[in-house]
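Notes to accompany the following structure.
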Amino acid sequence: MIGELLHGMTQSSGAGFVGVSLIFIYLAWILTIGIIRVREAMHSDHH
């Protein structure tokens, strides 16, 4: 799935390239925030 997205990105217009790049940045942001919240929950004293 990601390979198809990257392949399509290389063949798309400038706007499509920017759009796909922003999607990857957004997904990375979601994963980062999720990991941070899980770590905070694990270190929390409210078990």
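Here are some notes:
- Sub-8 Å Cβ pairs linking a first residue in segment 20-47 that is closer than 21 Å to MET1 by Cα and surrounded by fewer than 10 Cβ atoms within 10 Å (Cβ to Cβ) to a second residue that is modelled with pLDDT of 90 or more and not β-branched (Val, Ile, Thr), at least 6 apart or interchain, number zero.
- All positions within segment 9-19 that are surrounded by fewer than 10 Cβ atoms within 10 Å (Cβ to Cβ) and not in a helix (DSSP H, G or I): GLN11, SER13
The values are calculated or read from the model by the stated rules, or taken from the named source; none is laboratory data. The shown structure was predicted, so the numbers you read here are calculated from the model rather than taken from an experiment. Every residue, glycine among them, receives a Cβ derived from its backbone with ideal geometry; neighbour counts consider all protein chains shown.
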